[in-house]
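The values are calculated or read from the model by the stated rules, or taken from the named source; none is laboratory data. Quick caveat, the model's predicted, so the values are computed rather than measured. Every residue, glycine as well, gets a Cβ built from its backbone with ideal geometry; the counts of neighbours run over all protein chains shown. Keep in mind that these areas ignore ligands, DNA and RNA; they rest on the heavy atoms of the full protein, side chains included. Shrake-Rupley method; radii C 1.70, N 1.55, O 1.52, S 1.80 Å.
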Amino acid sequence: PAPSTIAPSAAASASQLLDASSVSLRPTPCELDVPATATCGLAAVPRDWSTPEGDTTEVFYALLPAASGRSAGTVIPFMGGPGESITAVVDRFVPFAASLPDRDLLIVDVRGAGRSDALTCAAFEQATEFAIGEEQVRRVGECGEQLGERRDDYTTVASVIDIEAVRRALDLAPPSLLGFSYGTWMAQVYSQLFPDDVRATVLDGAFPLDQDPWAEDVPKSFERVLELRCARTDAC
């Protein structure tokens, strides 16, 4: 759900779910272009957080420890999509480790993406262009039918709880969140589910919570962009 629809009791419920769950970590080779000090692993988290004793799914994480050797906090970045793999573009985030030497950097592929038991759907795998409008709705419907009931386990809330579970299992300091595009939605949900833990949130290219799949907002913005460009340059 969007942050505005999360009930006040949700934060307490999310923490209770984590307290009632046992998340196991399994070290694994990083196989990423990250500093030698980085450690990687797979966290076994409940597939359905409402029944933590049920089946599990694995979530991949990479931890880049504070370069100074003394951590004053944790930075957790989120990518877009939904569905983009952050480990596929890890080179964009590694510089944070050097620029913030007193912060740990925790990189997690959200469930169903990248190295976290990635889901695949023929409707999107076979596509050669970005779908909008009715085509996007059609492909999402086909993907949902292909996944069946397990599609209900792949939500923003579940992904956020996964990441907080990994942070706690690694005993890392409270996080500062950095979100890009859809990742800004995740950061907002994270902040509402764990308000006492999040220190700061930075949103870049905020994802609209009432997104229009027909992307009508994009052409509507063209006229304003052209007006500003003409007013600020001699290009018109």
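What FRET efficiency comes out for the pair Asp33/Val202, r = Cβ-Cβ distance, R0 = 22 Å, nearest 0.05? Don't skip to the answer; put the middle values down first.
Details: r = 24 Å, r/R0 = 1.08.
Plugging the Cβ-Cβ distance into 1/(1 + (r/R0)^6) gives 0.40.
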Counting only the heavy atoms of the protein chains, how much of Ser15 is accessible to a 1.4 Å probe, in Å² to the nearest 10? 30
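Please compute the contact order of region 17-107 in relative form: average sequence separation of alpha-carbon pairs under 8 Å and at least six residues apart, divided by the residue count, as a percent. Intermediate values should be presented prior to the final figure.
Details: 156 pairs, mean separation 24.9, N = 91.
Computed value for region 17-107: 27 percent relative contact order.
So how many Å³ per residue does the convex hull of the Cα atoms of the chain work out to? Present the calculation step by step, with values, prior to reporting the outcome.
Values: hull volume 39.1 nm³, N = 236.
Here the figure is 166 Å³ per residue.
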Point-charge dipole on Cβ atoms (K/R +1, D/E -1) for the chain, about Cα centre, debye to 20: 680
Which residues does a label at Gln16 reach in region 45-65, if reach means a backbone N under 16 Å from a point 7 Å past the Cα toward the Cβ? 49-53
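For the chain, what % of the accessible area comes from carbon and sulfur atoms, probe 1.4 Å?
Heavy-atom surface of the chain belonging to carbon and sulfur, 1.4 Å probe: 52 percent.
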Would you be so kind as to identify which of Ala158, Phe93, Phe180 lies farthest towards the positive end of the dipole of the chain, taking Lys and Arg as +1 and Asp and Glu as -1 on Cβ and the Cα centre as origin? Phe93
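With a 1.4 Å probe and every protein chain left in place, work out the accessible area per residue of the chain in Å², rounded to a whole number. Walk me through the numbers before you get to the answer.
On the way: 12760 Å² over 236 residues.
Here the per-residue accessible area is 54 Å².
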What relative contact order, as a whole-number percentage, does the chain give when Cα pairs under 8 Å and 6 or more residues apart are counted? 21
Work out how much length Thr120 to Glu227 would gain on full extension: take 0.36 nm times their residue separation and subtract the Cα-Cα distance, in nm to one decimal. 34.3 nm
